[in-house]
Amino acid sequence: MIEEAGAMLELVQRIFLIAKADFTGKCAPDLKLESVLGLDPGWLDSNGIKCVIFDADNTLFPHHAGRAGSKTLAFLKSLSRKYRLGIASNAPNEARVAQLENYFRAKGVKIAVSRGKGKKPLPGQFEYIAKKFSLKPAQCAMVGDNLFTDIAGAKLAGMKAVKVRPYDQKSEPWHFAFMRFLEKALE
Ligand SMILES: [Mg+2]
């Protein structure tokens, strides 16, 4: 019962944050890309970025795929030579967080998976990664496919935000369609 009340309170907090976010102003993405592979170190450096935080589902791989393609893995490996890397996913439970962590470790990609409190756009996950690497929010860039969770959350947390196209929109559950419709309307 207490757990349910906590989940409901978190949902209300998330909806409130989204409702007051200014998607065409302060909460608009700083950059839009086709995919994570287009992320340019020149852009990161000119913005003073030391850490790149990625969303997982439909950013690094299709929805709930849990494994990345060889191009994405190679890109992350090369990026990790110069930048700290993190993942902030609204994974449903600890098992999925551990699965992501184990998967990337097995593939030799140095990337920290957030265990911050609350789902995006709440600030917990973003702050967890920045704190882990002793960086200020302004030194971090979030890369994600979702305007309402990844982009608005990162901007409200004081980070740069890069919006990518969903990796494979067909991989999403049907109820994501409404969110994508609103996203398009705000573009
Ligand atoms: Mg996503």
Taking the options LEU100, LEU85, LEU33, LEU39, name whichever one is within 19 Å of MET159 (Cα to Cα) and within 15 Å of the ligand (Cβ to nearest atom). LEU33
Which numbered condition trips up ALA154, out of (1) aliphatic (A, V, I, L, M); (2) within 16 Å of the ligand (Cβ to nearest atom); (3) free of Cβ contacts under 8 Å to residues at least 40 places away in the same chain? (3)
ASN90 versus (1) within 15 Å of the ligand (Cβ to nearest atom); (2) farther than 19 Å from LYS132 by Cα: which is the lone unmet condition? (2)
Is it the case that SER78 is within 15 Å of LYS160 (Cβ to Cβ), surrounded by fewer than 19 Cβ atoms within 10 Å (Cβ to Cβ) and of a type outside the set (Lys, Arg)? no
Out of curiosity, is ASP145 over 13 Å from the mean Cα position of the chain (by Cα) and closer than 18 Å to GLY66 by Cβ? no
Residues PHE126, PHE148: which one is hydrophobic (A, V, I, L, M, F, W, C) and within 14 Å of the ligand (Cβ to nearest atom)? PHE148
Do you know which of the residues in the range 48-75 that are away from the ligand (no atom under 16 Å from the Cβ) and surrounded by 15 or more Cβ atoms within 10 Å (Cβ to Cβ) is nearest to the chain's Cα centre (by Cα)? CYS51
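Look at PRO137 and say whether it is over 11 Å from the mean Cα position of the chain (by Cα), more than 16 Å from the ligand (Cβ to nearest atom) and without any contact (Cβ under 8 Å) to a residue 24 or more places away in the chain. Let's see the steps before the verdict.
Working: over 11 Å from the mean Cα position of the chain (by Cα): yes; more than 16 Å from the ligand (Cβ to nearest atom): yes; without any contact (Cβ under 8 Å) to a residue 24 or more places away in the chain: yes.
The answer is yes for PRO137.
This table checks each residue for (1) crowded, with 20+ Cβ neighbours inside 10 Å; (2) farther than 27 Å from MET8 by Cα.
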site: ILE87; (1), (2): yes, no
site: ARG96; (1), (2): no, no
site: ASN102; (1), (2): no, yes
site: PHE126; (1), (2): yes, no
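Bear in mind that the values in this text are calculations on the coordinates, not laboratory data. The structure displayed is predicted, hence computed values, not measured ones. In this analysis, Cβ positions are derived from the backbone assuming ideal geometry, glycine residues included, and neighbour counts consider all displayed protein chains.
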